[in-house]
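Asks: Structure below; questions to follow.
The values are calculated or read from the model by the stated rules, or taken from the named source; none is laboratory data. This one's a predicted model, so the numbers in the text were calculated from it and none came from an experiment. As a convention, Cβ positions derive from the backbone with ideal geometry for all residues, glycine included, and neighbour counts pool all protein chains shown. Just so you know, the surface numbers come from the protein's heavy atoms only, side chains and all, with ligands and any DNA or RNA stripped out. Shrake-Rupley method; radii C 1.70, N 1.55, O 1.52, S 1.80 Å.
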Amino acid sequence: ANRNQTGKKFAIYTQQIGKSLETTEYVISNIDKAIDKGWIVVYYQPIVRAISNRLCGMEALARWQDPEKGMLPPAAFIEPLEKSNQIWKLDLCVIRQAVHQIAAQSSSGIAEIPVSINLSRTDFLSCDIFSEIEALVKAASIPRYMLHIEVTESTMTSKGNGVIETLQSFREAGYEIWMDDFGSGYSTLNLLKDYSFDVLKMDMVFLKNDSHRSRNIIASVIDMDKKIGIRTLAEGVETAEQVAFLKKAGCEKLQGYFFGKPQPFDAMMKNWRAKGLDIETAEQRSCYNT
Ligand code: C2E
Ligand code: MG
Ligand code: MG
Ligand code: MG
């Protein structure tokens, strides 16, 4: 009986590995087709200004809507595409759609909601990411401050790919730079000492851990950010209790399932309006970003 059980477990185990290996190979060899056919779609997750409860931004998150495999989450394709040096294709596809979304908002007269996009470490090596994004932004005639560039700590600490110089070019051109998943990587404080960026996104691990100690870490990061002139966003906000705590601690922006999961743009806006909450105007935004 014992041997059977082990055998069964092993079978399930290999099945899962087999499945994920198959998916990995599939995405590596089909990314061009997926982009071509429009299978890469962008979901948007609301970002909220803590003191006003207004929608002040949204994060663009990639989904692979496969006609046969169904909806693939980033966990299924980001890493394989990074490892095969193809993530830049997906990222530019997402950015192109995000830029069009921003342009469509301004021409339809509804409030202009800035969009945060994610870059991978290899984007800085695989292509001239600055020129590529500049070309998309110029072609759509959108202001650069409407696009926020998210990079993780590990991207910023990776050596020899010109990341720091390229981020500096983005910043000088007028894009905001946001540090993603802060606290989940290495060299965190070192980075804060040497480089400036606009917003620090605190990783959700600190909120998930509901201890006194974690709460004190969050409050201290918010205080530190204020002292060095960086704005703080808390990721993974799921409960009203967390919202209350973060507001009290002085966190500027909130993002998480409590306010909305990532969804297609129209669904995201519909759900936002259904809550009866406002959207921040450009004028209101300018009061905060000084
Ligand atoms: P991220 O940039 O840190 O994005 C936040 C992730 O946390 C998203 O997962 C989002 O759905 C999830 N999330 C947001 N609020 C909550 C919450 O309250 N609770 C929980 N449990 N999760 C929450 P998603 O969409 O699966 O994306 C995962 C990661 O994949 C992203 O992490 C980002 O690193 C990467 N990614 C997504 N889209 C792109 C893209 O277009 N390009 C690149 N290079 N990476 C991407
Ligand atoms: Mg992100
Ligand atoms: Mg994050
Ligand atoms: Mg992440």
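Asks: Using just the C-alpha positions of the chain as equal point scatterers, what log10 of I(q)/I(0) does the Debye formula give at each q in 0.09, 0.10 1/Å?
Replies: Once normalised to I(0) and log-transformed, intensities are -0.47, -0.58.
Asks: Rounded to the nearest 20 debye, what is the charge dipole size of the range 37-158 about its Cα centre when +1 sits on each Lys and Arg Cβ and -1 on each Asp and Glu Cβ?
Replies: Dipole size: approximately 280 debye.
Asks: At Tyr186 and Thr239, where each label point lies 7 Å from the Cα along Cα→Cβ, what is the point-to-point distance in nanometres?
Replies: Roughly 3.4 nm, to one decimal.
Asks: For a protection proxy built on the mean count of beta-carbon atoms within 10 angstrom, sort 38-48, 74-84 highest first, please.
Replies: 38-48, 74-84
Asks: I've got another one for you. Take the cross-link list Lys226/Lys248; Lys193/Lys227; Lys37/Lys69; Lys138/Lys270; Lys226/Lys247 and give me the ones stretching past 18 Å between alpha-carbons.
Replies: Lys138/Lys270
Asks: How large is the accessible surface per residue of the range 80-179, computed with a 1.4 Å probe and reported in Å² as a whole number?
Replies: Value for the range 80-179: 39 Å² per residue.
Asks: Suppose R0 equals 25 Å; then what is the FRET efficiency for Ala135 and Val41 from their Cβ-Cβ distance, rounded to the nearest 0.05?
Replies: 0.70
Asks: List the residues, sorted by chain then number, that are 5 or more residues from Glu59 or on another chain and whose placed amide H is less than 5 Å from its amide H.
Replies: Gln45, Ile47, Ser116
Asks: Okay, next question. Tell me which residues come under 5 Å, amide H to amide H, from Ser184 once H is placed; ignore anything under 5 positions away on its chain.
Replies: Asp203
Asks: Using θ = phi - 60° and the Karplus curve 6.51 cos²θ - 1.76 cosθ + 1.60, what whole-Hz ³J(HN,Hα) does each residue of the range 250-257 get, with Gly and Pro shown as x?
Replies: For the range 250-257, the Karplus-derived couplings read x, 6, 7, 10, 10, 8, x, 4 Hz, x marking Gly and Pro.
Asks: Just flag the chymotrypsin sites (Phe, Trp or Tyr not before Pro) in the range 108-207 sitting in loop per DSSP whose Cβ has no more than 10 other Cβ atoms within 10 Å.
Replies: Of the chymotrypsin sites (Phe, Trp or Tyr not before Pro), the ones in loops of the range 108-207 whose Cβ has at most 10 other Cβ atoms within 10 Å are Tyr186.
Asks: For the range 179-290, what is the charge dipole size about the Cα centre, in debye to the nearest 20, if Lys and Arg each add +1 at the Cβ and Asp and Glu each add -1 at the Cβ?
Replies: 240 debye
Asks: Work out the length of the dipole vector of the chain about its Cα centre, built from +1 on the beta-carbon of each Lys and Arg and -1 on the beta-carbon of each Asp and Glu, and round it to the nearest 20 debye.
Replies: With Lys and Arg at +1 and Asp and Glu at -1, about 880 debye.
Asks: Then there is this: Share of the chain's accessible area from carbon and sulfur, percent, 1.4 Å?
Replies: On the chain, the fraction of accessible area on carbon and sulfur atoms equals 52 percent.
Asks: Mind checking which helices in the chain clear 18 Å along their axis (Cα) and have mean Kyte-Doolittle hydropathy of -0.5 or more, DSSP H runs only?
Replies: 87-108, 212-228
Asks: Continuing with this model, one more query. Show the residues, 5+ positions off or on another chain, whose built amide H is closer than 5 Å to the amide H of Arg54.
Replies: Sorted by chain and number, the residues that satisfy this are Arg49.
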